[in-house]
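Okay, structure first, notes after.
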Amino acid sequence: MKRRFSTIILKVLISLTLLTVIFFKLDWSKAAELFRFSDPAWWAVALLTTFCAVVISAYKWQLILKSQRVRITVSRLTSSYLIGLFLNNFLPTSMGGDVFRAYDVARISGETPKAIASVIAERVLAMATLAVSAIAGLLFGYGLTGRFAWMVVFFCFGCGLLVWASLDIRWVGYLTRRISFIDTDKIRWKVEEARSALQAPVRDRQTLVSVLLLSVVFQAVVVAVHLAVFKALGIDVDLLLLMIFVPIVSAAAMLPISINGIGVHQGTSILLYGAVGISVTQATAQSLGFLFIVMLASLPGSLLLILRKSYKERPIS
């Protein structure tokens, strides 16, 4: 518990430090002007598009669970996803939502290893799609995006390494066999069970293709949310650049070094968008606007969580 508390405190300090550095560079009057004269219609588009992304994610998750012979309705998974999104945004850790989603599916299905593996598999396949999105942005607009080729190559290599390490987890067994006090037979069995559950959607070609296509659609929707926020703030940005920048910013924000990516998301946005002439104030405003939209979209999750809790505590007559 002490170690976990120390980790949370460290993440809070990192987020606060990054935000402090960024805020000292802001033109506050310009930032206030961007939000004051923003377009409500584009904010509404961003919010509705975010809800679409949640439903797509829930359907994608359902396909992964089906490949593991676990059947749960899309509506129930959407509810679980919204609660997880709320926990991610309002708990001091970005893993709270994933833990809840795995717990929720395990409680419904009674299949704990498969529930955990389904959440990991969804994250892993989404990471692969982030790389595909960046490559597409590079190829379709090379004249505009070619100078970022080295960044895309490095990013794709990192994504590929993470996908391999997640889907082929035999390295855990190799590692534990070198530690004498660990029950290696038990670890090996657990590793093989987890590996089988993780690879179920990959072995099923139809599921794999469907999930990857949905992941592409999901990533396109996330890019659309970012674009809508830019439009709401009256900032011009090229769509092809967003196809490269949004996956990289999203991946950076997923690193477990800050609270829900706060500070990292804004800092990465400043570095990338600054390369195409977008100011620190504009990049920060857009990043904070995106964070606001996601937090707003996650608020129904709080109501769903309360309703579930009250339903469980309701006495049986």
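Assorted remarks:
Residues checked against (1) touching a Gly at 6+ places or on another chain (Cβ under 8 Å); (2) in contact (Cβ under 8 Å) with a residue 12 or more places away in the chain; (3) of a type in the set (Lys, Arg); (4) more than 30 Å from Val217 (Cβ to Cβ):
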| position | (1), (2), (3), (4) |
| --- | --- |
| Leu10 | no, no, no, yes |
| Leu13 | no, no, no, yes |
| Leu19 | yes, yes, no, yes |
| Ile22 | yes, yes, no, yes |
| Glu33 | no, no, no, yes |
| Trp42 | no, yes, no, no |
| Ala58 | no, yes, no, no |
| Trp61 | no, yes, no, no |
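- Residues within region 8-20 that are open to solvent by 80 Å² or more (accessible area, probe 1.4 Å) and of a type outside the set (S, T, N, Q), tallied: 3
- When Val70 is tested against (1) in a helix (DSSP H, G or I); (2) touching a Ser or Thr at 6+ places or on another chain (Cβ under 6 Å); (3) open to solvent by less than 70 Å² (accessible area, probe 1.4 Å), only condition (1) is not met.
- Some residue of region 21-40 being of a type in the set (Ser, Thr, Tyr), under 30 Å from Gly234 (Cα atoms) and open to solvent by less than 30 Å² (accessible area, probe 1.4 Å): yes
Quick grid of which residues meet (1) of a type in the set (D, E, K, R); (2) at pLDDT 90 or above; (3) surrounded by fewer than 19 Cβ atoms within 10 Å (Cβ to Cβ); (4) not in a helix (DSSP H, G or I):
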| position | (1), (2), (3), (4) |
| --- | --- |
| Gln266 | no, yes, no, no |
| Ile278 | no, yes, no, yes |
| Ser287 | no, yes, no, no |
| Ile293 | no, yes, no, no |
| Leu307 | no, no, yes, no |
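- Residue within region 7-28 that is in a loop (DSSP other than H, G, I, E, B), of a type in the set (Gly, Ala, Ser) and within 23 Å of Thr268 (Cβ to Cβ) present: no
- When Ile244 is tested against (1) surrounded by 19 or more Cβ atoms within 10 Å (Cβ to Cβ); (2) of a type in the set (A, V, I, L, M, F, W, C); (3) more than 26 Å from Cys159 (Cα to Cα), exactly one condition is not met: (3).
- Matching residues in region 73-119 - criterion: being more than 13 Å from Ser298 (Cα to Cα), part of a loop (DSSP other than H, G, I, E, B) and open to solvent by 50 Å² or more (accessible area, probe 1.4 Å): Thr73, Pro92, Met95, Gly110, Glu111
The values are calculated or read from the model by the stated rules, or taken from the named source; none is laboratory data. Here the structure is a predicted model, which is why all the values come from computation and not from measurement. Cβ sites come from the backbone with ideal geometry, for glycine too, and all protein chains shown count toward neighbours. These accessible areas exclude ligands, DNA and RNA; they are computed on the full protein's heavy atoms, side chains included. Shrake-Rupley method; radii C 1.70, N 1.55, O 1.52, S 1.80 Å.
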